[in-house]
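Encoded as structure tokens, the structure appears first; notes follow it.
Bear in mind that the values in this text are calculations on the coordinates, not laboratory data. Since the structure is predicted, the reported quantities are computational estimates derived from the model, not experimental observations. Here the Cβ positions follow ideal geometry from the backbone for every residue, glycine too, while neighbour counts run over all protein chains shown.
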Amino acid sequence: MRKQTSVITLPTRADQHDHGFHQLVFGLEGDTEFDLAGHCRPVTTGRGCLLPSSTGHAFYGLGENRIVVVNLPEQSDDREQQLRIEQLFRRPDYFNCRADLTQLLQVLSREMLRNPADSLLQDACGSTLVCALQRHLDELRQSPRLHGKLNLQLLDDYIDLHMERRISVAELAGCLCLSASQFYQRFRDQTGQTPQHYVLERRLQAVAQALLHNDLALSQLAEHYGFGNQSSLTRHFSRRFGLPPARYRREQRR
């Protein structure tokens, strides 16, 4: 079996194979595609797939990308690990990660990249991800929604974690294990807003707080909170708060 846990980049040329060990794949950066038994889905930030041993699969990267791969044996001498393996790898499948799991993945991957020769660290990170994913999937099966409603706290955590970049409706839907169309309608019914407007409002509220508590330039705030450029930030902020950001900062700090 190849190295147990690693951070890799997939080539843009499609490849196909199977192997005699289980494999757990997490999207980390950029876009990749995995075809499992004829079903092709993206494996991007916040998404992943489970590949039981001997499962034929095709894969390729779309431009710059990084994934985290955890290889696991079919049989383990460690009984606890074997039980977790059997529970996770019952069939090929795709999964979506909640914000806390995505954040954990990013922290662990940074450690792996800083210490590529530390096999003990790599193995520990892999074991942590296996345990965290199993708990995450169990929680989703038991309570995917909060009292029959969409769990907005999960969405808020995910938005806050990825605020510097574009966040799609499909990503938010994936956090709650819903299709994009199901999520969109239920979200509007529950909040009275579109998901896109909800994300924009959360960005603007975060900018308003930042203007009160730090002295970052508007261009830096625009980049950090996902507005692309200062002009876009100023336009949206002025429309929401009735003042341009610079004036808002001056007046609120008096």
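Observations, loosely collected:
- For region 114-123, Karplus couplings with θ = phi - 60° (6.51, -1.76, 1.60), whole Hz, Gly/Pro x: 6, 10, x, 8, 8, 5, 5, 5, 4, 5
- In this structure the amide hydrogen of C40, modeled in the peptide plane, comes within under 5 Å of no amide hydrogen from residues 5 or more places off or on another chain.
- HN-Hα J in Hz across region 98-112 - Karplus 6.51, -1.76, 1.60, θ = phi - 60°, x for Gly and Pro: 6, 4, 5, 6, 4, 5, 4, 4, 5, 5, 5, 5, 5, 5, 5
- If R0 is 22 Å, the Cβ-Cβ spacing of L212 and Q153 corresponds to a FRET efficiency of close to 0.40.
- Of the trypsin sites (Lys or Arg not before Pro) in region 25-129, the ones in a loop by DSSP (not H, G, I, E or B) with at most 15 other beta carbons within 10 Å are R90.
- For region 200-220, the residues whose amide N sits under 11 Å from a probe point set 7 Å from the Cα of T234 along the beta carbon direction are 218-219.
- Cα gyration tensor shape of region 5-142, rounded if a/c is under 1.5, else prolate or oblate by comparing a/b with b/c: rounded
- The distance separating the Cα centre of region 221-254 from that of region 148-168 comes to 21 Å.
- With R₀ fixed at 25 Å, the C-beta to C-beta distance from E64 to A124 puts the FRET efficiency at about 0.35.
- Cα gyration tensor shape for region 192-231, rounded if a/c is under 1.5, else prolate or oblate: oblate
- Neighbourhood net charge (14 Å Cβ-Cβ; Lys/Arg +1, Asp/Glu -1) for H213: +1
- Note on Q103/R254: beta-carbon distance plugged into 1/(1 + (r/R0)^6) with R0 of 30 Å gives a FRET efficiency of 0.25.
- Label positions at C131 and S219, each projected 7 Å from the Cα along the C-beta direction, are separated by 4.6 nm.
- The mean of 1/r over all distinct Cα pairs in region 152-252, once inverted, gives the Kirkwood hydrodynamic radius of 14.3 Å.
- Surrounding net charge for A58, when Lys and Arg each add one and Asp and Glu each subtract one, Cβ distance under 14 Å: -2
- Among residues other than G38 with Cβ under 15 Å from its Cβ, the summed charge is -2 (Lys and Arg +1, Asp and Glu -1).
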